[in-house]
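Undergrad: Have a look at this one.
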Amino acid sequence: MTARLSSKEVYDVAASWAAKMDAGPLSADEQAIVEAWLTADIRHYGALAQARALLVPVHEPASMRAVEPVKPMRRTILLGGSIAAGIAVAVGTASYVSGLWNEGRYRTQMGEMRVIPLNDGSVISLNTNSEIVVRYSQSRREIELVRGEALFDVAKNKQRPFIVKTGMTQVRAVGTSFSVKALPNQPVQVLVREGVVEVKRQDVPVAPAVLVASNNQAVAPLDAPIVAKPVETAEVGRALAWRVGRIAFHGEPLGVAATEFARYSPVRIEIADPAVANEKVIGLFVSTDPVGFANAVAVSFDLRAEITGEQIRLSRK
């Protein structure tokens, strides 16, 4: 009997096939092989969909490049349709603040994403249920992240540093691209996709600042030193999938996935069985569709999904 592949091994195989598909059409033999691989394990569908979606360049608008389903088979159509819906949601419902701004307060509601162009050429993307305050002056560009998550694409200007503050954490940049996440009861997270930023604690002036380069993430707990660690390029893409209305999972427990969906929708996914909550999830899902996610994992793990109003209960059959 063939051993069941780990989540990482499944994704590695999926990434290889995604690269082949991106290079050009598959041959008939390759198409037959990939179809056999897809039908061997339900996890393979989600992994391949995720790998193909993450080939879209981070800077390229989703509307410029659609992710195609692998083959018009039943489950593949379902996954491909979900991805297309995610892109449509992101492009069709994301708020774009017209004009250029240098001060003000901006918010998003649950499930909303907002793009804010600033008068210096920088652009801020606000994730769900987030709030910022923009304060620009002649000498500095300061943003307060009141709550939530935001991506900052910063225009270079050495004379006017770009500073993001949230709680007791400060991030300083000149020209770069990075995200900051400040969620309740969690340490502040800073993810850098381009350039270098400086992260420091405002409440501990003598503590040294931590330099964080591209493809690195810094975590700033309230009661511990700031720690930076490298992350893979694919992980950066997964972390920023919210920009096109999606959530990407790569082996996270189902319970963690349920918590993530709660950021985007009032519908709550409840899991009473710890064994079910620990099932590992791989795939790309529409962030505002917890019902579709619950139905997909119910099929994958042979679960029962009971939907009542704004509550979904996942349990063993």
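The values are calculated or read from the model by the stated rules, or taken from the named source; none is laboratory data. None of the values given here were measured: they were computed from a predicted structure. We place every Cβ from the backbone using ideal geometry, glycine too, and count neighbours over all the protein chains shown. Surface accessibility is based on the protein's heavy atoms, side chains included, excluding ligands, DNA and RNA. Shrake-Rupley method; radii C 1.70, N 1.55, O 1.52, S 1.80 Å.
Undergrad: Would you confirm whether or not region 293-300 contains a residue that is among the small types (Gly, Ala, Ser), part of a strand (DSSP E or B), surrounded by 19 or more Cβ atoms within 10 Å (Cβ to Cβ) and not assigned by TED's automatic domain parsing to the domain that holds His44?
TA: Within region 293-300, none of the residues are among the small types (Gly, Ala, Ser), part of a strand (DSSP E or B), surrounded by 19 or more Cβ atoms within 10 Å (Cβ to Cβ) and not assigned by TED's automatic domain parsing to the domain that holds His44.
Undergrad: Additional query: Can you pull out the residues in region 230-274 that are farther than 26 Å from Val115 by Cα and outside the structural domain of Phe293 (by TED's automatic domain parsing)?
TA: Pro230
Undergrad: Another question about this same structure. Need pairs with beta-carbon distance below 8 Å; first residue without any contact (Cβ under 8 Å) to a residue 24 or more places away in the chain and under 21 Å from Asn129 (Cβ atoms) and within region 154-183, second surrounded by 22 or more Cβ atoms within 10 Å (Cβ to Cβ) and among the β-branched types (Val, Ile, Thr); sequence gap 6+ or separate chains.
TA: From residues that are without any contact (Cβ under 8 Å) to a residue 24 or more places away in the chain and under 21 Å from Asn129 (Cβ atoms), the pairs are Val164/Ile143; Val164/Val171; Val164/Val180; Thr166/Val180; Thr166/Val188.
Undergrad: So, in region 123-176, of the ones that are open to solvent by 20 Å² or more (accessible area, probe 1.4 Å) and of a type in the set (Val, Ile, Thr), which residue ends up modelled with the lowest pLDDT?
TA: So the residue we want is Val174.
Undergrad: Another one. Which residues, taken from region 107-120, are more than 15 Å from Ile163 (Cα to Cα) and either buried (at least 16 other Cβ atoms within 10 Å of the Cβ) or not β-branched (Val, Ile, Thr) (or both)?
TA: Arg107, Thr108, Gln109, Met110, Gly111, Glu112, Met113, Arg114, Ile116, Pro117, Asn119 - these are the residues of region 107-120 that are more than 15 Å from Ile163 (Cα to Cα) and either buried (at least 16 other Cβ atoms within 10 Å of the Cβ) or not β-branched (Val, Ile, Thr) (or both).
Undergrad: Now, a different point. Could you tell me whether Val199 is part of a strand (DSSP E or B), β-branched (Val, Ile, Thr), closer than 29 Å to Phe293 by Cα and open to solvent by less than 20 Å² (accessible area, probe 1.4 Å)?
TA: Criteria not met by Val199.
Undergrad: If you take the residues in region 208-242 that are among the charged types (D, E, K, R) and surrounded by fewer than 18 Cβ atoms within 10 Å (Cβ to Cβ), which one is modelled with the highest pLDDT?
TA: Lys229
Undergrad: Out of Gly195, Gly251, which single residue is more than 13 Å from the chain's Cα centre (by Cα) and either within 21 Å of Asp12 (Cα to Cα) or β-branched (Val, Ile, Thr) (or both)?
TA: After ruling out the rest, the residue left standing is Gly251.
Undergrad: Can I ask one more? Does region 235-251 contain any residue that is among the hydrophobic types (A, V, I, L, M, F, W, C) and more than 30 Å from Arg193 (Cα to Cα)?
TA: So far as region 235-251 goes, no, none of its residues is among the hydrophobic types (A, V, I, L, M, F, W, C) and more than 30 Å from Arg193 (Cα to Cα).
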